[in-house]
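Asker: First the structure, which I've put down as C-alpha cells, then a few questions once you've had a look.
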Amino acid sequence: MPGPTRTFSAEFNDKYMTIRINPTGEFQNWPKIDLHRHLPGAIRLETWWDIVNQHQVPLPTQDRAELHRQMTVRGQGDLKAFLRCFSVINLCFVDAAAIQRLTYEAIADAVAENIIYLELRFSPTRMAQNARISTAEALEAVIAGRDRAARDFGQIQVELIAGLSRGLGVPTCAVEAEIITTYAGRGIAGIDLLGNEADFPAAWFAPIFQPIARRGQLGITIHAGEAAGADSVRAAVELLGATRIGHGLRAEEAPDVVALLKARNITLEMCPTSNVQTGAAASLASHPLPRFLRNGLSVTINTDDPQVSQIDLNHEYEVSTAMWGLTGPELRQTLDYAVEAAFCTAPQKQTIKNKLTRSRNQ
C-alpha cells in the first residue's frame, strides 16, 4: 500500500524575504507528472534506518538526529554540499533485495502524491558498488521493484532512467553505458549524465552519448545549467543529443542558448526547491522558471530529491503559485509539456493525456 501522504514545509532566507511555504492541499488531488526524481533522494528515511540496522552497516554516527541532518538539506547551499548527502544515503543499497524494496516504496510514495506518471532515475553502478553486485544486477533489481509496483499500483506509470555518474570517470561510464543500452526496451527508457558538471564537463562524455543518440533507443536527458553556465546546456544539446535538460537554469545567462532550447523544443526539468538548495538559483524569488515558461519554453515542475529537500510535488506547485503567481492554466501547461517530453510510447502518452483531460473536465 502507498505510504501516508506527507506534508512538508520549506523555509529560505534571502535578501528578498523569509519565505515559508506550507502546502494547503489545493493541488493534492491533481493528477501530476514528475519527470525528474532520483531514486536515492526519494527513499523513506525509516526504511534507510531499518536496512542499515538489519545489515549492521558501519555509520558515521549513531545519533539519529545527526544522521537525518546529514541526509537532508535546509536553506540555500551549493551542489557539492547537496551531493554530500548521498554519501550517507547510499549506505542503504546493501544488496539487490534492498534496492528492489526501495524502488517499490519510492513508487508507492509517488502514488500517495497522486502522480500518474513518474520517471525515476538512478546510477546503477553507484548502487552496484555499494551492494557489491554487478551493474546489470543493480539494473535488474530496480526494474523488478518497478514491475512489482506496477502490478500493485495500476494508477501510476513508471519509466526508469539510468544515469552515468560523472565522478566515476569516462572509462567507467563508457562501460556502464554499454550495459545500460542492452536494457533499452527491457525496462530502461532513458539515460542521463549525473553529478557535478562544473568539474566533469559534457564534452568529455560526447563519445559515449553520440552513438546512443544516433541509435535512438533511449531518451537522453542531461544534468546541465545547474553548477555550470549556459555553455554546459549548449553542450548537452549539441554534443550529447539531449532532448531534455535536468534543471537548465543558467541557460538564461546566454540569450542564444535560450533561443536554441526554444528552437529545438528542448524540455527543461526544473526543481524549484532543490535549485535554491544547490545554489543554482540565488532564491526562489529570482528563479527563472516563470520567465522561461512565459517565454514559450517547454518547462516542467519536478521534485529532484524529495526526501533530501523534505518536500513533495504538491509543495512545488504551491511554491509556483505563491512565489511566482503561476495560474492554473500555466501549471496545466507544464503538465502538457511533461507528457510530450516523456520517455514513453505514443499510446502511453495518450493514456496520460486522457487522465489529465478527465480531471480538468470534472
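Asker: Can you report the principal axis dimensions of the stretch 236-362 using only the alpha carbons, biggest first, rounded to whole angstrom?
Answerer: Principal axes ranked by extent give 39, 33, 27 Å for the Cα atoms.
Asker: Among D231, D336, D305, D109, rank each residue by its count of other Cβ atoms within 10 Å, from fewest to most, as a rough exposure measure.
Answerer: Sorted ascending by nearby Cβ count, the order is D336, D231, D109, D305.
Asker: To continue, here is another question. Return the FRET efficiency for the residue pair L59, K80: r is the Cβ-Cβ distance, R0 is 25 Å, and the value is rounded to the nearest 0.05.
Answerer: Using R0 = 25 Å, I get an efficiency of 0.70.
Asker: Viscosity 0.692 mPa s, temperature 37 °C: what is the translational diffusion coefficient of the chain from Stokes-Einstein with a Kirkwood Rh over Cα pairs, rounded to a whole number of µm²/s?
Answerer: 162
Asker: Still on this structure, please answer the following. Under a 5 Å amide H to amide H cut-off, with H placed in plane at 1.01 Å, what residues pair with G163 once short-range neighbours are removed?
Answerer: Under 5 Å from the amide H of G163 lie the amide H atoms of F122, S123, D192, each far enough along the sequence or on another chain.
Asker: If you don't mind, another one. What does the highest-first list of 85-97, 342-354 look like by mean Cβ count within 10 Å?
Answerer: Put in order of decreasing packing, that is 85-97, 342-354.
Asker: Right, another one. At a threshold of 8 angstrom on Cα-Cα distance, excluding pairs fewer than six apart, so keeping six or more, what relative contact order does the chain reach in percent?
Answerer: This gives 21 percent for the chain.
Asker: I want to check the label-to-label distance for D336 and N361. Put each point 7 Å from Cα in the C-beta direction and report it in nm to one decimal.
Answerer: 1.6
Asker: List the relative contact order of the stretch 249-362 as a percent without decimals, with contacts defined as Cα pairs under 8 Å and 6+ residues apart.
Answerer: Relative contact order, the stretch 249-362: 23 percent.
Asker: Go ahead and estimate [θ] at 222 nm for the chain from helices alone: -39,500 (n - 2.57) per DSSP H run with n ≥ 4, summed, over the residue count, rounded to 500.
Answerer: -14000 deg cm²/dmol
Asker: Shifting gears a bit: What does the net charge come to around F200 if you take all other residues with beta carbon closer than 15 Å to its beta carbon, with K and R at +1 and D and E at -1?
Answerer: So the surrounding residues net to -3.
Asker: Still on this structure: Roughly how big is the chain's charge dipole about its Cα centre, with Cβ charges of +1 (Lys, Arg) and -1 (Asp, Glu), in debye to the nearest 20?
Answerer: It works out to roughly 600 debye.
Each value in this text was obtained by applying a stated rule to the coordinates, not by laboratory testing. Predicted model, so just to flag it, every value in this text is computed and none were measured. Virtual Cβ from ideal backbone geometry, glycine too; neighbours counted across all protein chains shown.
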